[in-house]
1. Among the residues of the range 212-222, is there at least one that is crowded, with 18+ Cβ neighbours inside 10 Å, in the same structural domain as P265 (by the TED database), outside any loop (DSSP other than H, G, I, E, B) and of a type outside the set (A, V, I, L, M, F, W, C)?
2. State which residue is most open to solvent (accessible area, probe 1.4 Å) when the search covers only the range 174-211 and only residues that are under 15 Å from Y235 (Cβ atoms) and among the polar types (S, T, N, Q).
3. Could you pull out the residue among A155, A198, A166 that is small (G, A, S) and not assigned by the TED database to the domain that holds R116?
4. Please pick out the residue among L253, L243 that is in contact with an Asp or Glu (Cβ under 8 Å, 6 or more places away or on another chain) and over 22 Å from A155 (Cα atoms).
5. Consider G295 carefully, then state whether it is assigned to a loop (DSSP other than H, G, I, E, B), under 37 Å from the mean Cα position of the chain (by Cα) and of a type outside the set (A, V, I, L, M, F, W, C).
6. List pairs: first in the range 162-187 and free of Cβ contacts under 8 Å to residues at least 24 places away in the same chain, second polar (S, T, N, Q), Cβ under 9 Å, 6+ apart or cross-chain?
Amino acid sequence: MTAKTKTMLIAGSVVIAAGATLLTFNTMDTARHEETPEQADTVDTLARDQSTADANPARTETVGESGDNSELTQSQIESTLREIRQRQGQEQADSAMSDLGELMARYDKMTHTEKRDLLTAYATHFLRNAQYEDARYFYEQILQLPGLEQTNRLAVLQMLARIAMAAEDWEGFMAYNDQYFDAGGGYNWVVTGHMIRAFSQLGNFDAAGEAFLLHFETGLHPEYDGSTEQYQRLYGNNDSIPLTMSDKTSALLLAQKMTEQFNQPENWWVLSEIYNQTGDVSNYQRILATARDRGFVDSAGNWNYESDR
């Protein structure tokens, strides 16, 4: 993004004002536990993930907003935006960016809704090109829109948190996450899943474990079907979290829940190790016997899964 583009947005003659909702730009159906923002590159995609959000928020215009535009009619702007979305989907980035630039030149004469749509289009464009800082800039501009509904504010903050994760800016993720809760956001599988990953990256394994316990309460990833394949894809990186927690009571509770929910040999091994480390011989032997009955331990006492532990 050029400095000129940013300047046009923050210049005194350009007052960013908008109604209550955001436009969907080529919403993608994605639900990976560690999906990148470009895989879920619209605010509305995240809004559908939020258990507290309205899945189909009504679109409104700002009261008293004028639709008159002597240089470019609203229908022409909407038509141009549709064409831009189509080219973005076809990866015609240069062409789409050129048209976005032409619209930006008329920014201060657009209606509030059109300005909002244009900001979202820019954010989408940069996300698809993994230009996270530029995408973050435009989403932060959306947060400054007067009258932004809470549903959309929460969705934008979660998108910003996701962008920060993709950029491996873990402190930035936590800052956006704090803003999300300050704005009234609640827990759901998306939020708790992100918290597990971020706290793990920050080395705060007690917090990661507590987030995992919350994750069981809010519901698991909707793509998880109980299979080993889906477990490895969605949760395989987290099976050792209980062993890294200093709070042994919470660690034991988490390990027990993981064996109940996932029933993978890794989970049973972790639970057995917690009992072993705490000197609980009877429960250690009980877990080993159960794991052996389930085929997770062979007659020689070897666990039947590959591990680098």
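The values are calculated or read from the model by the stated rules, or taken from the named source; none is laboratory data. If you're wondering where the values come from, they're calculated on a predicted model, not measured in any experiment. A quick note on method: Cβ atoms are made from the backbone with ideal geometry, for glycine too, and the neighbour counts reach across all protein chains shown. The area values use the complete protein model at the heavy-atom level, side chains included, leaving out ligands, DNA and RNA. Shrake-Rupley method; radii C 1.70, N 1.55, O 1.52, S 1.80 Å.
1. yes
2. Step by step, filter the range 174-211, then rank; the result is S200.
3. Of A155, A198, A166, the one residue that is small (G, A, S) and not assigned by the TED database to the domain that holds R116 is A198.
4. Sole residue among the options that is in contact with an Asp or Glu (Cβ under 8 Å, 6 or more places away or on another chain) and over 22 Å from A155 (Cα atoms): L243.
5. yes
6. Y176/Q158; N177/Q158
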